[in-house]
Every structure is written in C-alpha cells, then in structure tokens.
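Below you'll find the structure I mean.
The values are calculated or read from the model by the stated rules, or taken from the named source; none is laboratory data. As the structure is a computational prediction, the values presented were derived from the model and not from experiment. Methodologically, a virtual Cβ is constructed for each residue, glycine included, from the backbone with ideal geometry; neighbour enumeration extends over all protein chains shown.
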Amino acid sequence: MARYGMALDYKNCINCKACEVACKEENGVLLGADKHRIWVGANEVAGQWPNLDIASAAFLPSQCQQCEDAPCQEVCPTHATYYDENGVVRVDSDKCILCTYCMNACPYDARYVDERTMTVDKCTFCSDTRLARGEMTTACQNTCPTKVRTFGDLDDPDSEISELLRTREHFSLKAHLGTKPKLFYLI
Amino acid sequence: MNIKNYIPIKEDISFNFKPTLLSIIIALISIGLIGLYLFGVVNFIQHGHHAYNVTREHPWGFLVGAYEFFVALAMGSVVIGASGIFYDIKVIKPLQKRLLIYGLLSLFAGFTAFLFEIGHPVTMIIYTAISGNVTSALFWLGVFYPLFMLFTLLTFISYTQNKGPIKLFAMLAIIFANSSVLTAGSIFGLLNARLFSSGIFYQIEFMVTAILGGIFLLTLITVLFNREDFKDAIIALKKVSISLLSLLLIMYIVRYLVGIYGNVPGKVDAINYIFHTKNFIIFELGLGIVFPLFVSVFGKRNNIGLFGIASFFGLVGIMFSRINLVNGVEVIPLQSMMTKVYQSVPSIVNYTPSITEYAIGVGAIGVFIFFMFLAEKILKLD
C-alpha cells in the first residue's frame with residue numbers, strides 16, 4: 001500500500017515533449033492532439049520581433065493531479081472513477097457510461113475520451129503498465145532528459161519525493177479548490 | 001388484471017382529428033420534427049459521437065440543454081397539477097390529469113434526447129443501480145426520477161379512480177418533482193471548477209423556470225385548442241407567472257451585477273461572454289422573460305391569446321436558457337496555457353452544435369407532441 005505522488009521541477013522543462021510521446025507509447029494512447037494523458041503547457045513568448053522577451057516563455061508540464069479529494073470521483077454516478085489501493089485515481093471502463101460529467105468536473109482538464117473503448121480515460125501513473133510490471137517509475141519520468149519529474153510514495157519518509165518536498169518549496173495547481181492534488185510543483 | 005381498471009383508457013380509440021388549418025399545420029410541423037429526430041438518430045447510429053461537435057474542452061453540448069428543457073417542463077407540469085390536487089385548488093381542476101400525464105411525457109421526451117447524449121445508457125441503468133455513487137448528483141437523479149414517475153402515475157390513477165391516498169401521492173409527487181429539478185440544477189451547481197454555474201443559482205432558476213415552463217405549456221395548449229374550460233386556470237396561472245418572471249428577472253440582474261463587480265477570474269469572463277450573446281439578450285432575456293412579463297402585466301386580464309404567444313416565446317426562452325447554461329459552463333478553458341503546437345492561448349472555447357445535435361434536440365419536441373397526441377387519443381383526460 002502506497003500513496004503515490006509526483007514532484008515536478010518544472011523550471012527544468014525544455015518542452016521537448018518526450019514525456020508526451022513516452023506516455024502515448026507506453027499506455028497505448030491514440031494519436032491525435034486531443035488525446036493525451038499528459039501535456040506541456042507553454043506561455044507564448046511576449047513582445048514583437050526583434051524585441052522578444054525570451055524569459056517570458058515558460059513551460060508547465062501537467063497531467064491528472066491525482067487529487068485526494070478528486071471532483072471527478074465525486075461526480076461519477078457509477079463509481080467508474082475510483083481510488084485504487086495506492087491512492088491513484090483510475091477509471092473502470094466497464095462501469096463508465098460516458099456521461100462526461102467527470103470531464104466537466106475536473107478543474108485541470110485532465111480527462112479525454114478514449115475512442116477505442118468509448119470511455120473516459122486519464123493518467124494512471126502507469127498503473128496498468130509499468131507499475132503492474134513491478135517497475136517503480138512512470139514513462140514520463142523515465143524519459144525526461146532534464147529530470148523534471150520525481151515519482152514515488154509520499155508515505156515513505158525515505159523516498160526521493162518525500163525528501164524533495166521536505167527540502168524544496170512547492171505549490172499545487174488550483175489549490176484553492178480543495179482537491180488536494182498529489183502533483184507538486186517545485187519552486 | 002385489466003389495465004382499464006387502473007388507467008382511464010377511452011372505449012373507442014380513434015386517431016382521427018378535425019382537419020382544421022391549425023391542426024393540419026401542427027400535424028405537419030410535428031411530422032417534420034419527428035423526421036428531423038429520426039434523421040439525427042440515424043446519423044448518430046452511423047457515426048456515433050463523431051456526429052456531434054462536442055470536444056475535450058466542451059464535452060457537453062446541445063443535447064444536454066434540450067434534455068434539461070424537457071425536465072423543466074416535466075417537473076413544472078407535475079408540480080402545478082399535483083399542487084392543484086393537494087391544496088384543492090378548484091381553478092386548476094380541469095387541467096389536473098393533463099398536467100400529470102404531460103409531465104411524465106415531457107420527461108420521456110427528455111430521455112429521447114438524453115439517450116443519445118450518454119455514451120452507454122444500458123450500462124448507466126445497470127451500474128447506477130448496483131454501483132451507485134451517493135456523492136454524485138447524477139446518481140440522485142437516477143433515484144428521484146423513478147420515484148417522481150411512480151408517484152405521478154399513482155396520483156393520476158388514484159385521482160381518476162377517486163380512491164386511495166390521493167393527497168399523499170400528490171404530496172410525494174410534488175416532493176420528488178422538486179427533488180428532481182433541484183438535483184438537475186445541482187449537476188451544474190456542484191461543479192466547483194466551473195465558476196459560471198457553481199453555487200445555488202441554477203437550482204433556484206431551474207425550479208422557477210420549471211413552473212413557468214408548465215404554465216407556458218398549458219397556456220399554449222389552451223390557446224391552440226381553444227379550450228374554454230381551461231381559461232380560468234390560465235388566468236390564475238398568469239398571475240403566478242408575473243411573480244415568477246419578476247423573480248427571475250431580479251435574479252438575472254443580481255447575478256450579472258455580482259458577476260461583474262465580483263470580478264472573479266473565470267466567472268466574470270463567462271458571465272461577460274454569455275450575457276452579451278444574442279442567444280442571451282434576444283432569446284433568453286428578451287423573448288423568454290421580458291416579453292412574457294410585459295404581456296402578463298400590461299395585457300388584458302382575459303386576453304389569453306396574447307399570453308399564448310408570450311408563452312410560446314417563453315418556452316423558447318427556457319430552451320435557450322439551458323443552452324446558454326451548458327455553453328457558459330464550458331466556455332472558459334480550464335487550461336490557461338498553450339497546449340498544442342501552433343495553437344494560441346485559448347480565451348474562449350467555441351462550440352456550435354452539429355446538424356445531428358440540432359436534429360435530435362429539436363426533433364425531440366416533435367416526439368413530445370406525438371406523445372401528447374397519443375395521450376389525448378388514448379386516455380380520458382377530461
């Protein structure tokens with residue numbers, strides 16, 4: 001039993017999108033811009049050529065925030081969205097009715113329709129693939145050339161993520177909504 | 001068991017109708033709408049959800065709005081009809097049976113739209129029953145709808161048979177109609193991430209517009225079929241509509257002012273956007289609230305004809321209020337950064353319903369008229 005979370009040293013992100021590709025490859029996410037479990041948000045460079053403010057370009061890698069009080073889980077009428085034993089928010093495709101209520105409830109726009117099963121899908125921290133095979137890294141973490149992501153057990157005081165959260169300041173996205181995300185952005 | 005012992009079925013069922021100009025026009029419109037509905041359904045069967053213009057950012061579309069419109073009519077009709085029975089309101093008596101049956105039929109018409117919005121309706125029935133999530137408003141709709149239908153039907157049967165605990169059934173029908181419409185509003189009100197709808201505005205708005213919808217529907221039927229015996233009821237309900245329309249207008253003004261002066265990011269943008277669209281200004285506010293209110297206040301007390309026209313536009317306004325709600329909920333993107341290469345940072349999520357969505361949503365009105373036609377021909381409602 002673990003309580004998985006992820007810390008993101010987002011200032012290291014170079015927007016290479018290797019994480020997006022690795023996620024699609026590992027988890028069999030269909031091609032197409034609308035079908036993604038993870039993404040890199042980018043601020044456009046401010047200013048006009050040649051006076052561009054290069055420093056204004058910022059990248060914010062993101063995905064399902066694996067909330068402890070997940071709005072998507074609360075609104076799901078059939079318990080298709082559930083917390084697994086490791087606190088990961090997952091979808092039981094047999095129970096999903098494709099009402100898309102969870103897509104509207106998620107404050108992070110982290111859900112999409114998987115057109116093979118016609119159910120709503122999302123990031124599962126590679127629970128069905130890498131974690132199921134006994135590996136302890138996610139595909140996005142494993143492939144990142146600048147080590148943006150650190151995945152691990154938040155309940156294990158000796159884990160790398162616990163150490164990072166103890167020693168580095170961090171914030172969560174839309175924390176005011178009370179969703180208690182388990183993705184932490186390191187400052 | 002003979003069903004005629006419980007349901008007042010006519011002895012000589014005939015589907016003939018007097019070929020007046022009005023009845024022919026209504027019949028042609030209904031057939032056209034049903035044809036449109038079937039076209040939409042066939043398109044959906046061929047292409048599935050690809051036939052819709054809903055997206056990841058705008059997952060709910062026109063059909064959710066159409067469905068919520070019929071829910072409003074259903075609950076409003078039953079609340080008025082069952083209140084007439086429970087409180088012994090004599091003036092509503094000639095309408096009571098119709099109100100109860102129309103309420104049920106409107107809900108069924110709503111289901112004909114909702115059926116094609118939900119991806120897996122059969123799975124929904126099974127897993128809502130065996131794996132229901134009590135924190136979900138959608139689950140509670142699944143609880144309240146069957147109870148609403150049950151007690152509305154029991155009220156209808158016991159009222160026509162004049163036996164059984166009629167008032168108890170009527171009270172329970174009112175309670176579950178209100179529970180259903182409040183829960184339908186809560187589906188939007190409990191979306192904390194969507195500031196346009198989160199809060200209690202839409203629960204109250206749904207209740208108010210539900211009753212208004214019931215009044216408008218009855219007025220329209222009274223005018224179209226020239227039912228002299230309904231006129232006293234409509235005159236009484238017209239007074240109720242003045243209060244409700246005034247309340248609605250005040251609610252909208254306050255909502256706009258609070259939204260603008262509150263200046264909450266995400267909320268103010270959505271309110272600014274929706275409240276400045278033609279759909280809102282002309283249809284929802286102008287035709288749906290201001291015009292019926294003006295007619296109710298300044299029209300002659302007995303001029304049902306003009307109120308009938310206002311009622312038609314009132315129903316159009318309620319339909320647009322649902323569409324504007326669904327659009328307003330989703331119009332502001334939840335991601336504020338560029339997420340696709342070559343796509344600029346989105347400020348508004350654009351959505352225009354597809355032909356298939358229009359066909360099913362608008363065509364469901366034809367299905368509703370067809371249901372009412374069958375009810376008039378098969379049941380003894382007078």
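Condition test on B:Ile355, is it more than 24 Å from B:Leu285 (Cβ to Cβ) and either at pLDDT below 95 or more than 13 Å from chain A (Cβ to nearest Cβ) (or both)?
Working: more than 24 Å from B:Leu285 (Cβ to Cβ): yes; either at pLDDT below 95 or more than 13 Å from chain A (Cβ to nearest Cβ) (or both): yes.
For B:Ile355, the condition - more than 24 Å from B:Leu285 (Cβ to Cβ) and either at pLDDT below 95 or more than 13 Å from chain A (Cβ to nearest Cβ) (or both) - is met.
Something else now. For segment B:148-171, indicate whether the set of residues that are without any contact (Cβ under 8 Å) to a residue 40 or more places away in the chain and within 21 Å of A:Asn104 (Cβ to Cβ) is non-empty.
No, that holds for no residue.
Within segment B:40-69, take every residue that is β-branched (Val, Ile, Thr) and surrounded by fewer than 21 Cβ atoms within 10 Å (Cβ to Cβ) and give me the one that is nearest to the other protein chains (Cβ to nearest Cβ). Break it down into steps so the answer makes sense when it comes.
Looking only at segment B:40-69, we keep the residues that are β-branched (Val, Ile, Thr), and these are B:41-42, B:45, B:54-55, B:64.
Those left that are additionally surrounded by fewer than 21 Cβ atoms within 10 Å (Cβ to Cβ): B:41-42, B:45, B:55.
Working: B:Val41: 17, B:Val42: 19, B:Ile45: 14, B:Thr55: 7 Å.
Among those residues, the one meeting the criterion is B:Thr55.
On to the next question. Go through (1) more than 9 Å from chain B (Cβ to nearest Cβ); (2) touching a Leu at 6+ places or on another chain (Cβ under 6 Å) one by one and return the number of the condition A:Ala18 breaks.
(2)
Right, next: Could you please tell me which pairs satisfy a Cβ distance under 8 Å, a separation of 6+ or placement on different chains, a first residue in segment B:133-146 that is within 9 Å of chain A (Cβ to nearest Cβ), and a second residue that is among the charged types (D, E, K, R)?
Partner pairs satisfying both residue conditions: B:Asn133/A:Glu74; B:Thr135/A:Glu74; B:Ser136/A:Glu74.
Go over the candidates A:Ala46, A:Ala33 one by one and state the one that is surrounded by fewer than 22 Cβ atoms within 10 Å (Cβ to Cβ), over 19 Å from the mean Cα position of the chain (by Cα) and at pLDDT below 95.
Values: A:Ala33 fails: over 19 Å from the mean Cα position of the chain (by Cα).
Residue meeting the stated conditions: A:Ala46.
Let me ask another. Taking segment B:267-297 on its own, how many of its residues are among the acidic types (Asp, Glu) and under 21 Å from the mean Cα position of the chain (by Cα)?
Number satisfying all stated conditions: 1.
Please report, ordered by residue number, the helices (runs of 4 or more DSSP H) entirely within segment B:53-136 with at least 2 residues that are within 12 Å of the chain's Cα centre (by Cα) and among the hydrophobic types (A, V, I, L, M, F, W, C). Reasoning before the result, please.
Working: elements: B:62-86, B:96-114, B:121-130.
Correct list: B:62-86, B:96-114.
So that you can scan it fast, the table gives a plain yes or no per residue for (1) modelled with pLDDT of 95 or more; (2) not in a helix (DSSP H, G or I):
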| site | (1), (2) |
| --- | --- |
| B:Thr219 | no, no |
| B:Asn226 | no, yes |
| B:Asp229 | no, no |
| B:Ala236 | no, no |
| B:Val240 | no, no |
| B:Ser243 | yes, no |
| B:Ser246 | yes, no |
| B:Ile250 | yes, no |
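Checking A:Asp69 against (1) touching a strand residue (DSSP E or B) at 6+ places or on another chain (Cβ under 8 Å); (2) of a type outside the set (A, V, I, L, M, F, W, C); (3) closer than 29 Å to A:His176 by Cβ: exactly one of these is not met. Which one?
(1)
If a residue has to be buried (at least 20 other Cβ atoms within 10 Å of the Cβ) and part of a loop (DSSP other than H, G, I, E, B) to count, how many in segment A:49-66 make the cut?
Final tally of qualifying residues: 3.
Further question: Within segment B:1-19, work out how many residues are in a loop (DSSP other than H, G, I, E, B), over 28 Å from the mean Cα position of the chain (by Cα) and surrounded by fewer than 11 Cβ atoms within 10 Å (Cβ to Cβ).
Of the residues in that region, 9 qualify.
Could you check segment A:45-82 and list, in sequence order, the residues that are within 11 Å of chain B (Cβ to nearest Cβ) and within 24 Å of A:Val21 (Cβ to Cβ)?
A:Val45, A:Ala57, A:Ala58, A:Phe59, A:Leu60, A:Pro61, A:Ser62
Of all residues in segment B:178-194 being part of a helix (DSSP H, G or I) and surrounded by fewer than 22 Cβ atoms within 10 Å (Cβ to Cβ), which is nearest to the other protein chains (Cβ to nearest Cβ)? Quick ask: steps written out before the conclusion?
Initially, segment B:178-194 is screened for residues part of a helix (DSSP H, G or I), giving B:178-189.
Next cut, surrounded by fewer than 22 Cβ atoms within 10 Å (Cβ to Cβ) only: B:178-179, B:182, B:186.
Details: B:Asn178: 20, B:Ser179: 16, B:Leu182: 16, B:Ser186: 10 Å.
Looking at the filtered set, the residue picked out is B:Ser186.
Does B:Gly266 fit the bill of being without any contact (Cβ under 8 Å) to a residue 40 or more places away in the chain, within 25 Å of B:Gly199 (Cα to Cα) and either touching a Cys at 6+ places or on another chain (Cβ under 7 Å) or not β-branched (Val, Ile, Thr) (or both)? Talk me through it step by step, then tell me what you get.
Values: without any contact (Cβ under 8 Å) to a residue 40 or more places away in the chain: no; within 25 Å of B:Gly199 (Cα to Cα): yes; either touching a Cys at 6+ places or on another chain (Cβ under 7 Å) or not β-branched (Val, Ile, Thr) (or both): yes.
No; evaluated as a whole, the condition is false for this residue.
Which condition does A:Asp69 not pass, out of (1) buried (at least 17 other Cβ atoms within 10 Å of the Cβ); (2) in contact with a Ser or Thr (Cβ under 6 Å, 6 or more places away or on another chain); (3) modelled with pLDDT of 95 or more, if it passes all the others?
All conditions are met except number (1).
While we're here: Assuming B:Val329 fulfils every condition listed in (1) within 14 Å of chain A (Cβ to nearest Cβ); (2) in contact with a Pro (Cβ under 9 Å, 6 or more places away or on another chain) apart from one, which condition is it?
With respect to (1) within 14 Å of chain A (Cβ to nearest Cβ); (2) in contact with a Pro (Cβ under 9 Å, 6 or more places away or on another chain), B:Val329 is out only on (2).
Let me confirm something: among B:Ile274, B:Ile234, which residue is touching a residue at least 60 places away in the same chain (Cβ under 8 Å) and closer than 18 Å to B:Ser77 by Cα?
Working: B:Ile274 fails: closer than 18 Å to B:Ser77 by Cα.
Going through B:Ile274, B:Ile234 in turn, the sole match is B:Ile234.
Can you say whether B:Phe216 is among the aromatic types (Phe, Trp, Tyr) and either touching a His at 6+ places or on another chain (Cβ under 7 Å) or surrounded by 18 or more Cβ atoms within 10 Å (Cβ to Cβ) (or both), as far as the supplied structure shows?
Values: among the aromatic types (Phe, Trp, Tyr): yes; either touching a His at 6+ places or on another chain (Cβ under 7 Å) or surrounded by 18 or more Cβ atoms within 10 Å (Cβ to Cβ) (or both): yes.
Yes, satisfied.
Another question, then. Test B:Leu172 against the stated conditions and say whether it is within 30 Å of A:Gln73 (Cβ to Cβ), among the hydrophobic types (A, V, I, L, M, F, W, C) and surrounded by fewer than 22 Cβ atoms within 10 Å (Cβ to Cβ). Walk me through it before giving the result.
Details: within 30 Å of A:Gln73 (Cβ to Cβ): no; among the hydrophobic types (A, V, I, L, M, F, W, C): yes; surrounded by fewer than 22 Cβ atoms within 10 Å (Cβ to Cβ): yes.
When the stated conditions are applied, B:Leu172 does not pass them.
Pairs please, first residue from segment B:186-201 and under 22 Å from B:Leu257 (Cβ atoms), second anywhere and aromatic (Phe, Trp, Tyr), Cβ atoms under 7 Å, 6+ apart in sequence or on different chains.
Close Cβ pairs satisfying both conditions: B:Phe188/B:Tyr202; B:Gly189/B:Tyr202; B:Ser197/B:Phe188.
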